[in-house]
Amino acid sequence: MSEPEMLPPAADSVAAPSVQPTSGLAIASLVAGLLAWISSPLMVFAIPTPLAAIVAIVCGHMARSEIRRNPNIQGNGMAIAGLVLGWAIVACFVLLVVFVLMIFGGIAAFFAYFGLNGG
């Protein structure tokens, strides 16, 4: 019995996949957006929430610009996700401020209507 002859693989048959780099700004945008949402229950007390939201928005816009300039860079989805998370935190903060102002305005109107001046 003779052993079958083994041939080496052809060099041109399989091409190695090219690895495209991911934008570091897109990763930073997504991480900052997630950090903003994780720290959002303590939004009033925690400095990281508004700071992380701003970082997510700025890095997301910069990453999208970088990806548009160089199509070989990946990460557009991460940049968009960071932008959405950042702007959503800003919208929630604005709604919270409006809600608090409406509550205090309602209390002030109540006191004014019934003539209660607190003294």
Legend entry - Selection count, the stretch 69-87, where residues are over 16 Å from G24 (Cβ atoms) and at pLDDT below 95: 1
Legend entry - Single unsatisfied condition, A81 versus (1) among the small types (G, A, S); (2) under 20 Å from I57 (Cβ atoms); (3) surrounded by fewer than 15 Cβ atoms within 10 Å (Cβ to Cβ): (3)
Inset, instruction - Please give the helices (runs of 4 or more DSSP H) falling wholly within the stretch 19-119 in which 3 or more residues are out of contact with any helix residue (DSSP H, G or I) (no Cβ under 9 Å at 6 or more places or on another chain). - result: 76-113
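The values are calculated or read from the model by the stated rules, or taken from the named source; none is laboratory data. Everything quoted here is computed from the prediction, not taken from an experiment. Don't worry about glycine lacking a Cβ; one is built from the backbone with ideal geometry, like all the others, and counts go over all protein chains shown.
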